[in-house]
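Novice: Quick one: the structure is below, questions incoming.
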Amino acid sequence: MSTTSGTQAAPVAAMDGPAERVWNNLRALVLEQNERRKETAEALGMSFFRVKALRRIAAHPSKMSELAAELACDRPYLTLVVDDLESRGLVERHQHPADRRCKIVSATPAGHEVAARANEILGTPPPALRELPAEDLAVLDRIVSQLLA
């Protein structure tokens with residue numbers, strides 16, 4: 001199995017059971033064979049982390065501190081990311097109505113458009129999935145839904 005860098009992934013150990021094999025195959029399908037993060041970043045001309053931040057901001061305006069926690073990044077780095085998104089006209093900062101010390105970050109109309117484009121790219125199933133028979137898709141849908149419950 002090939003990774004995104006072109007190197008070979010370590011083979012699954014023979015002692016791994018069906019659950020490990022399925023997990024490794026799911027990871028390979030999502031992370032290696034379908035490079036949606038790279039495709040999205042290239043299409044939008046920004047790092048995938050910036051795309052991720054913009055998608056979160058477009059979904060719900062947030063305080064910088066809340067956004068940093070959601071994105072699991074430190075505040076100084078998030079400030080750089082938001083500065084960049086703001087310079088592109090994708091987000092804007094407003095003073096929090098109840099707390100003058102806080103800023104709320106929200107998406108501009110252009111930011112909502114870019115976030116929607118990212119969601120479109122990320123939400124498009126790979127051809128191999130679209131080509132599965134309807135019965136197989138129904139079984140896979142049931143199993144994945146059960147795993148996510």
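A short reminder: the numbers here are calculations on the coordinates, not readings from a lab. Quick caveat, the model's predicted, so the values are computed rather than measured. With ideal geometry, Cβ positions are generated from the backbone for all residues, glycine too; neighbour counts draw on all protein chains shown.
Novice: At 7 Å along the Cα-to-beta-carbon direction for both Ala28 and Glu70, put a label point, then send me their distance in nm to one decimal.
Specialist: My value for the distance between the label points is 3.5 nm.
Novice: Can you tell me the 0 to 90 degree angle between the C-alpha axis of helix 18-27 and the longest principal axis of the chain, rounded to 10?
Specialist: Value to nearest ten degrees: 50.
Novice: Turning to a different aspect of this structure: Relative to the longest principal axis of the chain, what angle (0 to 90°, nearest 10) does the C-alpha long axis of helix 75-87 take?
Specialist: 80 degrees
Novice: Going by alpha carbons, how many degrees (0 to 90, nearest 10) lie between the helix axis of 134-148 and the longest principal axis of the chain?
Specialist: So the inclination is approximately 60 degrees.
Novice: Multiplying the sequence separation of His112 and Arg100 by 0.36 nm and subtracting their Cα-Cα distance, what value in nm do you get? Spell out each step's value before the answer.
Specialist: Working: separation 12, 0.36 × 12 = 4.32 nm, distance 2.57 nm.
Full-extension gain reported as 1.8 nm.
Novice: Further question on the same structure: Please state the charge dipole magnitude for the chain, taken about the Cα centre, from unit charges on C-beta atoms (+1 on K and R, -1 on D and E), reported in debye and rounded to the nearest 20. Spell out each step's value before the answer.
Specialist: Values: 19 positive and 20 negative charges, 116 e Å.
Using only the charged Cβ atoms, the result is roughly 560 debye.
Novice: Roughly how far apart, in whole Å, are the Cα centres of the stretch 88-119 and the stretch 36-73?
Specialist: For the stretch 88-119 versus the stretch 36-73, the Cα centre distance is 11 Å.
Novice: What's the FRET efficiency of Leu132 with Ala59 using the Cβ-Cβ distance as r and R₀ = 25 Å, to the nearest 0.05? Walk me through the numbers before you get to the answer.
Specialist: Details: r = 30 Å, r/R0 = 1.18.
For Leu132 and Ala59, the calculated efficiency is 0.25.
Novice: Helix-derived [θ] at 222 nm for the chain: sum -39500 (n - 2.57) over DSSP H runs of at least 4, divide by residue count, nearest 500? Display every interim value, and only then the final one.
Specialist: Details: 8 runs with 86 residues, N = 149.
Rounded to the nearest 500, the figure is -17500 deg cm²/dmol.
Novice: Determine one quarter of the surface area of the Cα convex hull of the stretch 72-148, which equals its mean projected area, and express it in nm² to one decimal. Could you put the intermediate results ahead of the total?
Specialist: Numbers: hull surface 33.8 nm².
Answer in nm², one decimal: 8.4.
Novice: Something else about it: Once the principal axes of the Cα atoms of the stretch 57-113 are found, what is the range along each, listed largest first in whole angstroms?
Specialist: Here the spans come out as 27, 25, 19 Å, largest first.
Novice: Can you tell me the convex hull volume per residue for the stretch 18-133, based on C-alpha atoms, in Å³ to the nearest whole number? Could you put the intermediate results ahead of the total?
Specialist: On the way: hull volume 15.9 nm³, N = 116.
Spread over its residues, the Cα hull of the stretch 18-133 gives 137 Å³ apiece.
Novice: Another question, if that's okay. Give the residue list of trypsin sites (Lys or Arg not before Pro) in the stretch 63-149 that are DSSP loop and have at most 12 other beta-carbon atoms within 10 angstrom. Walk me through the numbers before you get to the answer.
Specialist: Numbers: sites: Lys63, Arg88, Arg93, Arg100, Arg101, Lys103, Arg117, Arg130, Arg142; in loops: Arg88, Arg100, Arg101.
Those satisfying the criteria are Arg100, Arg101.
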